[in-house]
Amino acid sequence: MNDNLSVAITRLELADLPQLIDCVRNCYGESYPNTLMYDVERLEEVIQKKLMHSVVAKLNNGKIIGHCALTFDGAHNVSPEAGKMMVDPNFRGHHIAESMAKKEN
């Protein structure tokens, strides 16, 4: 494992969605229970409606290797659920999930 791994934790942008879906597939194949995470159009909708606020972990080449989100089940809900946390199996062991969780606030 490379101990000098350089990872940037940034807010998810709409342009990142195809890379995010690749990350979900790297982590779960097609088995992630929330199918929203495989659908660009549905992801765009929940982000634009401010029902999901995400951060991602990116390598220097722009590849997304992790994701963490606060989600709301409706526009009037003021108590988000933290979740959709994932880190590409090839990059686990570097405290990436912890870094994303700290950035989420």
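FYI, it's all coordinate maths here, none of it is from the lab. Since this is a predicted model, take the numbers as computed values, not measurements. FYI the Cβ positions are ideal-geometry reconstructions off the backbone, even for glycines, and counts take in every protein chain you see.
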In terms of the charge dipole of the chain, which places +1 on Lys and Arg and -1 on Asp and Glu at the beta carbon, the residue among N90, I21, A101 farthest towards the positive end is A101
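Beta carbons within 10 angstrom, averaged per residue: use that to sort the peptides 26-35, 82-91, highest first.
Values: 26-35: 11.8, 82-91: 16.6.
Descending mean neighbour count gives 82-91, 26-35.
Could you give the length gained on full extension between L5 and Q48, defined as 0.36 nm per residue of separation minus the Cα-Cα distance, in nm?
12.3 nm
Within the range 1-60, list the trypsin sites (Lys or Arg not before Pro) lying in a DSSP loop whose Cβ has at most 14 other Cβ atoms in a 10 Å radius.
Details: sites: R11, R25, R42, K49, K50, K58; in loops: K49, K50.
Answer by residue number: K49, K50.
Between E13 and L59, 0.36 nm times their residue separation minus their Cα-Cα distance comes to what?
Working: separation 46, 0.36 × 46 = 16.56 nm, distance 1.52 nm.
Between E13 and L59, full extension yields an extra 15.0 nm.
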Computed over the chain, the distribution of all Cα-Cα distances in 5 Å bins, rounded to whole %, is 2, 13, 24, 26, 20, 10, 4, 1, 0
Quick note on V40, V56, V78, ordering by fewest other C-beta atoms within 10 Å, gives V78, V40, V56
If the chain between K102 and Y38 were fully extended at 0.36 nm per residue, the gain over the current Cα-Cα distance would be 20.5 nm
